[in-house]
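Heads up: the structure comes next, in C-alpha cells.
The values are calculated or read from the model by the stated rules, or taken from the named source; none is laboratory data. Bear in mind that the values here come from a model prediction, so they are computed numbers and not experimental data. Counting neighbours? That spans all protein chains shown, and the Cβs are built from the backbone with ideal geometry, glycine included.
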Amino acid sequence: MSQRAVSSRSSARSAARGVAGKGGKAARAAVVHRAGPRWRRRKEARPAELLDAALEVFVERGYAATRLEDVARRAGITKGAMYHYFENKEALFKAMIRAKVVENIAAIEQIVQDFQGSARDMLQMLMTRWWERVVEGPSGGIAKLVVGEAGSFPEIATFFYEEVMQRNTRMFEHAMKIGMARGEFRRMDPSVAVRLSFAPLLVAALWKYSFRPCVGDTPFDTRKYFEAHLDLFLNGLLAPDAREVRHD
C-alpha cells in the first residue's frame, strides 16, 4: 500500500473521530442545557441550609462550644465555604436568630395590629404562639442557650434581648393595656404582668432542654403545665366585673 493511501485512510479516521467528538459534545451540551446547571439550586438554597444546621449545632453544643467548622460539617460544606456567607460565629448566630425567631415575631406583630377580638383572646393567642415557638418548636433551645451563656457572652444576650425579648414584651404590654382600658383586666403594672406571663414558659423551656435529658422518665406533661398557667394567669388578670360576666 502506498504512503499516500495510508495517509488518506488516517486522515479519514481522524475526520470521523472529530465529527463523532463534536456530536458527543453537542449531545452533552444539549443535556446540560435541558437540565440546567446542577449547582445553581444548591447555591441558592445554601444560606437557608446553613442556618438550619446552625440552629441544630448551637442548641446541641451551646454558643461557646460551637465552631464554624462544626456547622459547615453538619451542612455538608467546607469551612472555607462558610466564610463566603458569614464572617464569624457571632454573625452566623445573629443571622440564625433573625431567620428562625425574628421573622416569626414580625408575622405575629402584624396579627396583633389587625386583631379584632377581645384583649383576653389577643393575650391568649400571644402566649400560645410564644409557647409553640419557644418550648415546642425547633428553636426552643435558643432561650436556654442565651440564658445559660449570657454571663460569658453578653453581646449575644444583648442582641437577643433587643431583637426578641423587647419586641415580644411590647406586644404583650399592648394587649394588657387594651384590656385595662376596656375594663377587661384589672389595673396593674403591665411590665410586671408581662414578666409573670413569661417566667413559667421559660421554666418549661429550661426543663425540656436542660433537666429532662438528665432525669429520664420523670413525669412532666408540658402541655398540661401550659394550659394550667394559661388558665391561672388569664383569669387572674380579669377585672371583678369581667370575671362575673364571664361566669354568667
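A few comments on the model shown:
- Checking E184, E227, E155 one by one, the residue that is under 22 Å from I108 (Cβ atoms), surrounded by fewer than 15 Cβ atoms within 10 Å (Cβ to Cβ) and not polar (S, T, N, Q) is E227 and no other.
- No other residue among E244, E227 is modelled with pLDDT under 80, charged (D, E, K, R) and assigned to a helix (DSSP H, G or I) apart from E244.
- Meets criteria (at pLDDT below 95 and more than 24 Å from the chain's Cα centre (by Cα)) for K208: no
- Residue check, S152 within 25 Å of A91 (Cα to Cα), under 20 Å from the mean Cα position of the chain (by Cα) and in contact (Cβ under 8 Å) with a residue 60 or more places away in the chain: no
- Residues that are β-branched (V, I, T) and either under 13 Å from K144 (Cα atoms) or without any contact (Cβ under 8 Å) to a residue 12 or more places away in the chain (or both) within region 186-239 comprise V192, V203, V215, T218, listed in sequence order.
- Just one of the listed residues (E184, E162) is of a type outside the set (A, V, I, L, M) and more than 28 Å from K208 (Cβ to Cβ), and it is E184.
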